[in-house]
Amino acid sequence: MELAIEVNELAKTYPGDVQAVKEISFGVEAGEVFGLLGPNGAGKSTTVGMLTTTILPSSGSAQLVGYDVVRQARETRSVSSVVFQEPVVDRSLSGRRNLDVHARLWRVEPAEAKARIDELANTLGLTALLDRPLSTYSGGQQRRLEIARALVSRPRVLFLDEPTVGLDPRIRAELLDVIAGLRDRTSTTILLTTHYLDEAERLCDRLAIIHEGTIVALDSPAALRAELGEKIVELRVCDNAQRTLELLRERGLAGEDAFAVGATITLPLHERGAPETIAAIEGAGVRTTAIATREPTLDDVYLRLTGGQLSAAA
Ligand code: ADP
């Protein structure tokens, strides 16, 4: 089956030898929601820029539904759509007029455009607002109209660049529901970038964790978490965390996937039970200020792979 997005050793070096994206490869199947997760500066926007033909790759190749993003830029644009971080709709016009203008731009037949606009308004919860000027929409409503705008042309691939950045938590939650609904109700392939772990977890079928221009992990959120086992023990230690971790490894209490950041040691349990591990740690004379057992999160996955905390970096 043809992939909706196929990326082969794609790289971008900006002037001044800034290697923003370093030979990344991945494939996204039709209908998938695929996430690029990473902190600011990881290379997410540059990747999206190359896939949406606004940034010329330095090397490597990429195709959208078989069209080469460099050699067939026009065709690539005709099968895809982008929701940018910055609004592109006209605030003086009504929602419907905005969508209509966009449909004409894409040469959608008027009758089809009308049906499409009504259907999208329904999917995105905009029906009651459609004939009001956009200047009366809330931030979340405007963002939903931006998504509707991008979908008017029935793109095979939709790019959402940091779709919820800058929104307050309530509006953000509402928008996540809308995007999750899109996933269930359309066959459009979606590539979204985010630095929010919960967003990636909630929306993505698979995600690539991107760090300094390189993909350091790629799988479903559940499979990524499962690499750390079902439970982890988290210790806040009094002595040097790195040396304490080495001691725990020597004693066979910590595996290679345990890691220390600051004064905290994160210890995936795998086969061993939590109570016996904690007892053995205390028996080894490790001094702690806190011990907790919990399920692994994508943050743990990210921390282990990059040594950096996504939430702190964002
Ligand atoms: P992200 O979207 O993950 O925040 P970007 O793709 O925007 O990351 O940036 C990746 C790296 O490339 C960063 O170090 C950034 O400073 C650099 N960068 C982005 N755009 C340019 C540009 N036009 N010129 C030079 N460096 C750039």
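The values are calculated or read from the model by the stated rules, or taken from the named source; none is laboratory data. Since the model is a prediction, treat every value here as computed from it, not as a measurement. For neighbour counting, all protein chains shown are included, and Cβ atoms are generated from backbone atoms with ideal geometry for every residue, glycine included. When the accessible area is computed, the model is the full protein with side chains, heavy atoms only, and any ligands, DNA or RNA have been set aside. Shrake-Rupley method; radii C 1.70, N 1.55, O 1.52, S 1.80 Å.
Filtering region 179-203 down to residues that are within 16 Å of the ligand (Cβ to nearest atom) and of a type outside the set (Ser, Thr, Tyr), which residue is surrounded by the fewest Cβ atoms within 10 Å (Cβ to Cβ)? Steps first, answer last, please.
Step one: of region 179-203, the residues within 16 Å of the ligand (Cβ to nearest atom) are 191-197, 199-200.
From the residues that got through so far, the ones that are of a type outside the set (Ser, Thr, Tyr) too are 191-192, 195, 197, 199-200.
Values: Leu191: 27, Leu192: 25, His195: 19, Leu197: 21, Glu199: 22, Ala200: 26.
So the residue we want is His195.
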Quiz item: What are the residues in region 2-25 that are at negative phi, within 15 Å of the ligand (Cβ to nearest atom) and of a type outside the set (A, V, I, L, M), if any?
Solution: Lys12, Thr13, Tyr14, Pro15, Gln19, Lys22
Practice problem: Kindly indicate which of Ala111, Ala217, Ala115 is within 16 Å of the ligand (Cβ to nearest atom) and either under 16 Å from Arg97 (Cα atoms) or open to solvent by 10 Å² or more (accessible area, probe 1.4 Å) (or both). | Solution: Ala217
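Within the group Gly38, Gly31, which residue is at pLDDT below 95, open to solvent by 10 Å² or more (accessible area, probe 1.4 Å) and closer than 26 Å to Thr164 by Cα?
Details: Gly38 fails: open to solvent by 10 Å² or more (accessible area, probe 1.4 Å).
From the options Gly38, Gly31, the qualifying one is Gly31.
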Self-check item: Candidate set from region 155-178 (those that are without any contact (Cβ under 8 Å) to a residue 60 or more places away in the chain and touching a helix residue (DSSP H, G or I) at 6+ places or on another chain (Cβ under 7 Å)); member that is most open to solvent (accessible area, probe 1.4 Å)
Solution: Glu174
Quiz item: Is it fair to say Gly307 is more than 27 Å from the chain's Cα centre (by Cα), outside the structural domain of Pro39 (by TED's automatic domain parsing) and small (Gly, Ala, Ser)?
Solution: no
Quiz item: What do you reckon, is Gly16 under 24 Å from Thr186 (Cα atoms) and either surrounded by fewer than 22 Cβ atoms within 10 Å (Cβ to Cβ) or among the aromatic types (Phe, Trp, Tyr) (or both)?
Solution: no
Quiz item: Looking at region 128-145, which of its residues are in contact with a helix residue (DSSP H, G or I) (Cβ under 8 Å, 6 or more places away or on another chain) and more than 18 Å from Ile171 (Cα to Cα)?
Solution: Leu130, Asp131, Arg132
Quiz item: For region 66-84, does any single residue satisfy the condition of being buried (at least 19 other Cβ atoms within 10 Å of the Cβ), more than 16 Å from the ligand (Cβ to nearest atom) and under 22 Å from Thr194 (Cα atoms)?
Solution: yes
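From Glu246, Glu271, Glu250, Glu227, grab the single residue that is surrounded by fewer than 20 Cβ atoms within 10 Å (Cβ to Cβ) and closer than 21 Å to Leu197 by Cα. Spell out how you get there, then give the answer.
On the way: Glu246 fails: closer than 21 Å to Leu197 by Cα; Glu271 fails: closer than 21 Å to Leu197 by Cα; Glu250 fails: closer than 21 Å to Leu197 by Cα.
It is Glu227.
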Exercise. Any residue in region 123-150 that's assigned to a strand (DSSP E or B): show its pairings with residues that are surrounded by 15 or more Cβ atoms within 10 Å (Cβ to Cβ) at Cβ separation under 9 Å, as long as the two are six or more apart or on different chains.
Key: Pro133/Leu93; Pro133/Ser94; Pro133/Gly95; Pro133/Arg97
